[in-house]
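For reference, the structure discussed in these notes is given below.
The values are calculated or read from the model by the stated rules, or taken from the named source; none is laboratory data. Please read all numbers here as calculations on a predicted model, not as lab measurements. Positions of Cβ are generated from backbone atoms using ideal geometry, with glycine treated the same way; all protein chains shown enter the neighbour counts.
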Amino acid sequence: ARILSAAPAPLPSVSPGIQRRHTLPASEVRPLNAQDAVSVFEIEREAFISVSGECPLHLDEVRHFLTLCPEFSMGWFEEGRLVAFIIGSLWDRDRLATEALTLHKPRGSNAHIHVLAVHRTFRQQGKGPILMWRYLQYLRCLPNVRRAVLMCEDFLVPFYRKMGFKVLGRCAVTVGALTFTEMCYPISGHAYMRRNSEAIRFPNAPLTLPPPRANDRQMDV
């Protein structure tokens with residue numbers, strides 16, 4: 001039988017909202033894991049289906065990469081809620097091929113960025129560029145990674161150029177009727193950075209970027 005307390009439970013000394021802020025960091029950046037897959041896919045689906053009609057990764061593929069190589073993912077959480085993420089894997093050729101969409105090559109030296117997405121209520125705040133900057137700094141601390149590569153639709157090329165990516169040309173990969181531009185970013189890591197890697201942590205002071213210009217807003221993720 002259930003035993004009910006005769007006396008009422010003591011009231012908390014602070015409100016639940018304040019307690020929550022004490023137990024969950026306001027902002028946290030960490031590698032993702034398979035338990036994050038559903039939250040990742042919900043953000044990805046909303047971000048991409050309305051624009052291109054295709055998701056870079058389906059739910060089973062999200063789980064696949066977060067199980068196989070979680071160290072090449074990064075998620076930004078606000079009070080425990082995923083608001084932005086990157087999923088990547090390693091690739092072992094100079095240019096992307098169709099197999100790069102589903103494979104992780106542990107001996108590869110190219111970090112293939114499959115997807116960067118931001119939750120719709122957190123867009124227009126510069127979170128996409130900030131998270132990408134953190135990810136690129138993190139890659140500098142990993143052994144054997146010499147560059148980051150990605151493929152994107154043409155309208156996103158200026159967005160990635162602002163972050164230092166260079167155009168390699170047309171990508172050999174197509175998805176249905178969609179074609180892509182292939183881009184790369186050189187990872188010139190230094191020994192001291194690799195020895196003292198804390199890039200996966202969120203900075204103590206908030207990172208700031210100049211506010212987007214009016215004609216840049218459609219590319220702000």
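Sort out which residues of region 126-153 are assigned to a loop (DSSP other than H, G, I, E, B) and touching a residue at least 60 places away in the same chain (Cβ under 8 Å), and write them in order of number. Quick ask: steps written out before the conclusion?
If we filter region 126-153 for residues that are assigned to a loop (DSSP other than H, G, I, E, B), which is where we start, we get 126, 140-146, 153.
Correct list: Gly126, Leu142, Glu153.
Examine region 85-101 for a residue that is surrounded by fewer than 21 Cβ atoms within 10 Å (Cβ to Cβ) and farther than 22 Å from Val167 by Cα, and state whether such a residue exists.
no
Which count do you get for residues in region 141-172 that are surrounded by 16 or more Cβ atoms within 10 Å (Cβ to Cβ), out of contact with any strand residue (DSSP E or B) (no Cβ under 6 Å at 6 or more places or on another chain) and under 18 Å from Glu71 (Cβ atoms)?
Here the count works out to 2.
Can you tell me which of Trp133, Trp76 is within 21 Å of Val167 (Cβ to Cβ) and among the aromatic types (Phe, Trp, Tyr)? Step through it out loud before you land on a result.
Working: Trp76 fails: within 21 Å of Val167 (Cβ to Cβ).
The unique qualifying residue is Trp133.
Here are some residues: Phe77, Phe41, Phe48. Which one is on the phi < 0 side of the Ramachandran plot and part of a strand (DSSP E or B)? Talk me through it step by step, then tell me what you get.
Working: Phe41 fails: part of a strand (DSSP E or B); Phe48 fails: part of a strand (DSSP E or B).
Phe77 is the lone residue from the list that is on the phi < 0 side of the Ramachandran plot and part of a strand (DSSP E or B).
Which one of these is modelled with pLDDT of 95 or more, over 22 Å from Asp92 (Cα atoms) and among the basic types (Lys, Arg): Arg217, Arg120, Arg134, Arg170? Step through it out loud before you land on a result.
On the way: Arg217 fails: modelled with pLDDT of 95 or more; Arg120 fails: modelled with pLDDT of 95 or more; Arg170 fails: over 22 Å from Asp92 (Cα atoms).
From the options Arg217, Arg120, Arg134, Arg170, the qualifying one is Arg134.
Whether any residue in region 127-136 is touching a helix residue (DSSP H, G or I) at 6+ places or on another chain (Cβ under 8 Å) and charged (D, E, K, R) is what I want to check.
No - not one qualifying residue is present in region 127-136.
Please give the number of the condition Val157 fails out of (1) assigned to a helix (DSSP H, G or I); (2) closer than 20 Å to Pro31 by Cβ; (3) of a type outside the set (D, E, K, R).
(2)
When the residues of region 51-74 are narrowed to those that are part of a helix (DSSP H, G or I) and of a type in the set (Asp, Glu), which ends up nearest to Cys152 (Cα to Cα)? Show your work before the answer.
Looking only at region 51-74, we keep the residues that are part of a helix (DSSP H, G or I), and these are 51-52, 59-68, 70-72.
Filter once more, keeping what is of a type in the set (Asp, Glu): 60-61, 71.
Values: Asp60: 21, Glu61: 18, Glu71: 22 Å.
Across region 51-74, the extreme among qualifying residues is Glu61.
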